[in-house]
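One structure is given below, encoded as structure tokens.
The values are calculated or read from the model by the stated rules, or taken from the named source; none is laboratory data. All of these numbers come straight from a predicted model, not from anything done at the bench. Positions of Cβ are generated from backbone atoms using ideal geometry, with glycine treated the same way; all protein chains shown enter the neighbour counts. The area values use the complete protein model at the heavy-atom level, side chains included, leaving out ligands, DNA and RNA. Shrake-Rupley method; radii C 1.70, N 1.55, O 1.52, S 1.80 Å.
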Amino acid sequence: MKRILIFIILSFTSLIIFAQPPTQDPEFGQEIEKMLKYGVSTITIKDFKKMLKNEKVIILDAREKHEYNISHIKGAKWLGHNSLNKTLIEKLDKNATIVVYCTVGIRADKVGSRLEKMGFKNVFNLLGSIVEWVNQGNIVIDSSNQPTKKVHAYREEYGKWLTGGTKVLDE
């Protein structure tokens, strides 16, 4: 019994010590968590990358088209935010695994909620979205499918969290 208790304590302690925060900057993660309001399940970059290796995932970009054209995650389809790409939505399987992202996750949360209300069952919001994706050293591509460091920050206050790429704002 004593050995089991020691094993449990050591296992739990190692989980705490070696657990990685969901975002590279814990303050960024806390800010994002405060802003998410719609209850769509979030997925970390680490878990998203595992998911990409093990199953078919539909990646949807919930930013405006000009933001998507500056850079997006490879394989992502543009969905939009204010007016959704209805042609794309009609083609999607409502049982498919869908991961939605935007700049930091706020718009993805809203769009994910809208998708759930439309009957989609497996919707996730990529925690930290494209900012965290780039901050963790992952590649984004531009409208010519070429790797780029540019990321549309949407707002100045979101741009401060981008440490792994080049911030772009509307002129």
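Let me confirm something: among 45, 70, 59, which residue is modelled with pLDDT of 90 or more, of a type in the set (A, V, I, L, M) and under 20 Å from residue 120 (Cβ atoms)?
59
Do we have residue 77 as at pLDDT 95 or above, open to solvent by 90 Å² or more (accessible area, probe 1.4 Å) and not acidic (Asp, Glu) here?
Considered against the rule, which asks whether it is at pLDDT 95 or above, open to solvent by 90 Å² or more (accessible area, probe 1.4 Å) and not acidic (Asp, Glu), residue 77 comes out as yes.
Quick check on this structure: which one of 65, 49 is open to solvent by 30 Å² or more (accessible area, probe 1.4 Å) and over 19 Å from residue 139 (Cβ atoms)?
Selected residue: 65, the only one of 65, 49 that is open to solvent by 30 Å² or more (accessible area, probe 1.4 Å) and over 19 Å from residue 139 (Cβ atoms).
Evaluate the range 114-121: report whether one residue or more is over 23 Å from residue 161 (Cβ atoms), modelled with pLDDT of 95 or more and in a strand (DSSP E or B).
Checking the range 114-121: not a single residue is over 23 Å from residue 161 (Cβ atoms), modelled with pLDDT of 95 or more and in a strand (DSSP E or B).
Restricting to the range 88-106, name every residue that is assigned to a helix (DSSP H, G or I) and either touching a strand residue (DSSP E or B) at 6+ places or on another chain (Cβ under 8 Å) or open to solvent by less than 10 Å² (accessible area, probe 1.4 Å) (or both).
88
Name the single residue that is nearest to residue 169 (Cα to Cα) among those in the range 130-156 being open to solvent by 90 Å² or more (accessible area, probe 1.4 Å), among the charged types (D, E, K, R) and in a loop (DSSP other than H, G, I, E, B).
For the range 130-156, the residue satisfying everything is 155.
Considering 112, 119, 128, which residue is in contact (Cβ under 8 Å) with a residue 12 or more places away in the chain and more than 26 Å from residue 24 (Cα to Cα)?
It is 119.
Looking only at the range 107-129, how many residues end up being open to solvent by 20 Å² or more (accessible area, probe 1.4 Å) and within 14 Å of residue 44 (Cα to Cα)?
The number of residues fulfilling the criteria is 1.
Out of (1) among the polar types (S, T, N, Q); (2) closer than 15 Å to residue 32 by Cβ; (3) part of a helix (DSSP H, G or I), what's the single condition that is false for residue 125?
Of (1) among the polar types (S, T, N, Q); (2) closer than 15 Å to residue 32 by Cβ; (3) part of a helix (DSSP H, G or I), only one is false for residue 125: (3).
Being open to solvent by 50 Å² or more (accessible area, probe 1.4 Å), under 21 Å from residue 48 (Cα atoms) and touching an Asp or Glu at 6+ places or on another chain (Cβ under 9 Å): is that true of residue 163 here?
yes
Does residue 37 satisfy the criteria of being open to solvent by 100 Å² or more (accessible area, probe 1.4 Å) and at pLDDT 85 or above?
Considered against the rule, which asks whether it is open to solvent by 100 Å² or more (accessible area, probe 1.4 Å) and at pLDDT 85 or above, residue 37 comes out as yes.
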